[in-house]
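Worksheet for the structure shown next.
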Amino acid sequence: MPHNVATLLDPDAAPLADNERLKRESDFLRGTITDDLQDRTTGGFSPDNFQLIRFHGMYQQDDRDIRAERAEQKLEPLHNVMLRARMPGGIIAPEQWLAIDRFAEQFTQYGSIRLTTRQTFQFHGVLKPDIKDMHQVLNGVGIDSIATAGDVNRNVLCTTNPVESALHQQAYEWSKAISEHLLPQTKAYVEIWLDGVKAKTTEEPILGETYLPRKFKTTVSIPPNNEVDVHANDLNFVAIAEAGQLVGFNVLVGGGLAMTHGDTATYPRKADDFGFVSLENTLAIAEHVVSVQRDWGNRANRKNAKTKYTLDRVGIDVFKAEVEKRAGVTFEPSRPYAFTTRGDRFGWVEGIDGKHHLTVFLLNGRILDYPGKALKTGIRKIAEVHQGDFRMTANQNLIIAGVAADERAQIETLAREHGLLDDTYSAQRLHSMACVAMPTCPLAMAESERYLPRLIGLVEELLAKHGMAQEHIVLRVVGCPNGCARAMLAEVGLVGKGPGKYNLHLGGNRIGTRIPKLYRENIGEDAILDALDPLIGLWAAQRDADEGFGDFVIRTGVVAEVKVSKTDFHA
Ligand code: HEM
Ligand code: SF4
């Protein structure tokens with residue numbers, strides 16, 4: 001089937017988006033990246049290569065804080081790249097950690113390692129002359145960044161679950177297998193960054209020569225924890241276990257959170273349940289959800305290109321039947337499961353294998369040495385002695401996993417000495433999250449990561465005022481409506497609209513199965529607090545036992561429930 005069949009299915013068919021041209025002309029993602037790398041008259045890449053390096057896991061950025069100053073000095077913006085690694089399931093070994101710690105220290109503009117909401121790490125501010133070395137350093141410890149951005153299947157998530165170690169191991173192996181199966185076949189990454197031998201790529205059997213219409217995200221989750229936020233992802237494998245052994249997956253398709261301000265044809269949308277598949281059919285189903293989206297996704301309008309819009313356009317049943325036909329597999333009825341939580345369990349837990357696991361909280365996932373809290377040094381010192389591994393959670397935190405009983409005390413001491421364990425953090429802090437936004441993200445309209453600490457303090461004050469200091473509201477802030485910190489699955493979601501201005505959404509739930517509705521538009525801090533204050537007061541006074549804030553505002557009609565995004569979200 002031709003890849004532009006979308007034009008047949010889409011009555012509003014329009015010329016293909018320019019990204020389609022550049023993918024097709026790129027010679028399987030090579031473009032002229034190598035030439036650009038050698039051009040030292042600029043720190044940036046040409047427009048086409050600017051897009052293509054994303055498929056290799058990098059975004060060209062610049063420091064927005066110093067843009068104006070540099071322009072005054074007649075200098076181009078301080079171009080650099082952000083790198084995002086491919087780490088299925090977020091597991092990283094101590095020796096790998098030590099290598100990325102060294103690199104961040106020496107070669108990144110900010111010296112930080114940032115754990116992301118999709119279980120990997122990012123370096124920010126790598127200059128052109130160091131890019132190739134960066135890939136070689138990573139390769140030296142078995143890490144790559146292939147397909148962590150761009151129109152491809154990105155880093156595959158897996159619930160961290162340190163307790164049920166056997167089940168986690170099986171689910172984790174599937175997240176790796178799915179990641180490998182859906183990876184681009186082109187050798188462009190190896191050639192360009194690792195000086196691999198040029199080997200002509202002749203086809204991309206799964207992704208096709210123009211790759212996917214838009215980014216594509218996959219998870220493997222282990223109920224009852226919805227840490228990965230299945231409804232933020234295109235393709236989700238929900239683990240179904242019998243007697244602690246994985247037997248297959250319920251498959252959920254078509255989640256996604258991004259939208260565009262002022263464009264009601266865009267909306268955050270939950271994933272739909274397609275049914276159960278056994279393990280032997282898992283890769284075939286993964287491949288053909290991707291292949292149907294590859295062929296049917298809209299390649300004319302990138303704002304309408306994600307799987308969620310394809311499903312709403314062709315119909316869930318039609319999409320599902322096509323996947324079944326291509327995979328030669330029929331979905332069985334879904335098996336029962338329930339999500340009851342999304343949060344991380346901080347502190348120590350003991351796994352059924354007798355190993356101990358310590359989850360530490362990292363605000364915004366930003367690992368750096370702060371005054372009085374040398375987080376980065378602390379993790380380095382732990383990595384120097386740790387025999388197990390580290391797991392990055394989808395909530396931007398870190399698990400020091402697989403600690404033997406007699407090594408527990410040593411790890412705990414190091415964690416405490418470096419501010420990695422702080423028993424004074426409020427429940428509110430532990431349930432708050434922000435995307436990067438300023439100064440590196442070119443799309444940011446408002447502050448997010450840098451604003452979150454202040455906002456948490458203010459919400460803590462409101463909770464305390466109403467006698468709810470021990471309580472929490474799942475609070476997420478994003479600097480623009482793309483939604484990288486998954487605000488569109490929060491109980492209170494703030495979406496950047498302009499400097500200091502946000503849209504306030506209410507009514508998601510604690511387990512991430514409801515999209516919050518717009519409550520106030522384009523408001524600043526005072527108005528945000530004025531809106532929340534009386535509602536928290538009502539919640540404190542009238543809540544049903546243990547009722548979350550999001551459930552309360554829906555039950556009492558403060559906002560209408562978003563049931564079907566296409567019709568309800570903007571209503
Ligand atoms: C059209 C939609 C989107 C665009 C154009 C976009 C673009 C970007 C950019 C440019 C960054 C880099 C920011 C920086 O590190 O300086 C970023 C970070 C990130 N994005 Fe997105 N994004 C989109 C939607 C999403 C969504 C819906 C999710 C998750 C559900 C997501 C997950 C992430 C993650 C995990 C990061 C890393 C930093 C973090 O943890 O906040 N993105 N995105
Ligand atoms: S939500 Fe917007 S501002 Fe925040 S990191 Fe994503 S693209 Fe940037």
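The values are calculated or read from the model by the stated rules, or taken from the named source; none is laboratory data. Just so it is clear, the structure is predicted and the values come from calculations on it, not from any experiment. Quick reminder, even Gly has a Cβ in these numbers, built from the backbone with ideal geometry, and neighbours come from all protein chains shown.
Structure above, values below:
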quantity	calculated
Residue check for residue 368: in contact (Cβ under 8 Å) with a residue 24 or more places away in the chain, out of contact with any His (no Cβ under 6 Å at 6 or more places or on another chain) and closer than 22 Å to residue 456 by Cβ	yes
Wholly enclosed strands (runs of 3 or more DSSP E) of the range 243-359 bearing at least 2 residues within 19 Å of the chain's Cα centre (by Cα) and either surrounded by fewer than 16 Cβ atoms within 10 Å (Cβ to Cβ) or within 16 Å of ligand 1 (Cβ to nearest atom) (or both)	245-253
Top-ranked residue of the range 482-495 - restricted to ones that are in contact with a helix residue (DSSP H, G or I) (Cβ under 9 Å, 6 or more places away or on another chain) and near ligand 2 (Cβ under 7 Å from one of its atoms), ranked as farthest from residue 396 (Cα to Cα)	483
Pair list, Cβ under 8 Å, 6 or more apart: the range 473-493 residue on the phi > 0 side of the Ramachandran plot, other residue in a loop (DSSP other than H, G, I, E, B) and near ligand 2 (Cβ under 10 Å from one of its atoms)	483/257; 483/258; 483/435; 486/117; 486/257
Any pair with Cβ under 9 angstrom, 6 or more apart, that starts in the range 445-459 at a residue that is among the charged types (D, E, K, R) and at pLDDT 95 or above and ends at one that is surrounded by fewer than 20 Cβ atoms within 10 Å (Cβ to Cβ) and part of a helix (DSSP H, G or I)	454/525
Residue list for the range 484-535, restricted to those being in a loop (DSSP other than H, G, I, E, B), in contact with a strand residue (DSSP E or B) (Cβ under 9 Å, 6 or more places away or on another chain) and within 30 Å of residue 65 (Cα to Cα)	484, 485, 486, 490, 524
Odd one out for residue 233 among (1) over 19 Å from the mean Cα position of the chain (by Cα); (2) within 16 Å of ligand 2 (Cβ to nearest atom); (3) not hydroxyl-bearing (Ser, Thr, Tyr)	(1)
Answer residue from the range 409-468, given it is buried (at least 20 other Cβ atoms within 10 Å of the Cβ), small (Gly, Ala, Ser) and in a loop (DSSP other than H, G, I, E, B) and is farthest from ligand 1 (Cβ to nearest atom) among those	446
Residue among 171, 177, 149 that alone is touching a residue at least 24 places away in the same chain (Cβ under 8 Å), small (Gly, Ala, Ser), surrounded by 20 or more Cβ atoms within 10 Å (Cβ to Cβ) and more than 16 Å from ligand 1 (Cβ to nearest atom)	171
